[in-house]
Amino acid sequence: MGSNFSKEDCFHFPTMDTRNLDTLRDYLCNYSPPEGCVDCINILLFGMVGAGKSSTINTFLSALDPRGASTTCVPTGAGPYIFTPELLSFNPDSDISSYPVIPENVIHGVAFIFDINIMDVISDDRMEEFQELQTIVAQKYVHRVVIGTKFELLQIPEIHNAWIYEFKPLQQKFEWLAERTGMDRRSMFVISNYWRGEQIEMIKCILALYVLDNMVRNIDRFFRAV
């Protein structure tokens, strides 16, 4: 594939075929949360306006249910900032908190959403906010990942779409983000919101379900170990 690709710096190797797609979809659609999660796992999405939070949720839903039977209501923030002070107190430790945690609303996982194409021009102040918040999430033992969106604009050749994680320009983006946030590159993933075409649609679904599978299995492992 040439000098623009590297297996040495690659952490994810999802198998891009229909068998893996069926396996991921079957596991996630039939998953039963462990005791302590009530009847669902709650994953909170954080990101700047325009980063792709709503489209990420829609991509997850379409990957899980290609017939489009699922629906969702996606709340969105109106401000231009990555995080608000209220979000810093999710899963509070005190029962007298303004927003007490009950089993139905506890956050089990956090996904930080970044537009891959502009994240390296985000101001230092905003990146410090992100670093502080992801540290808080880690201290609360909440599983966290980074999801990069709009990576299509990195202009990876279509014939190499299945090897996106081996694409050096993407690996360099992850390395930059890891240096500024303290998060491990192994916890960084990508999804596509815009690809079209039968073969590309399969890869798009696998990339989305691969992220969800990682989060669900790690959250499940934590709860069953407690």
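Here SER123 sits with roughly 60 square angstrom of accessible surface, probe radius 1.4 Å. At the residue level, TRP163 shows approximately 100 square angstrom of accessible surface with a 1.4 angstrom probe and all protein chains present.
In segment 1-54, carbon and sulfur make up what percent of the accessible area (probe 1.4 Å)? For segment 1-54, the apolar C and S fraction of the accessible surface comes to 46 percent. Extending 7 Å from Cα along the Cβ direction at THR18 and again at ASP124 yields two label points whose distance is 5.3 nm.
The values are calculated or read from the model by the stated rules, or taken from the named source; none is laboratory data. Small disclaimer: the values here were computed from a predicted structure and weren't measured. Note: ideal-geometry Cβ built from the backbone for every residue, glycine included; neighbour counts use all protein chains shown. These accessible areas exclude ligands, DNA and RNA; they are computed on the full protein's heavy atoms, side chains included. Shrake-Rupley method; radii C 1.70, N 1.55, O 1.52, S 1.80 Å.
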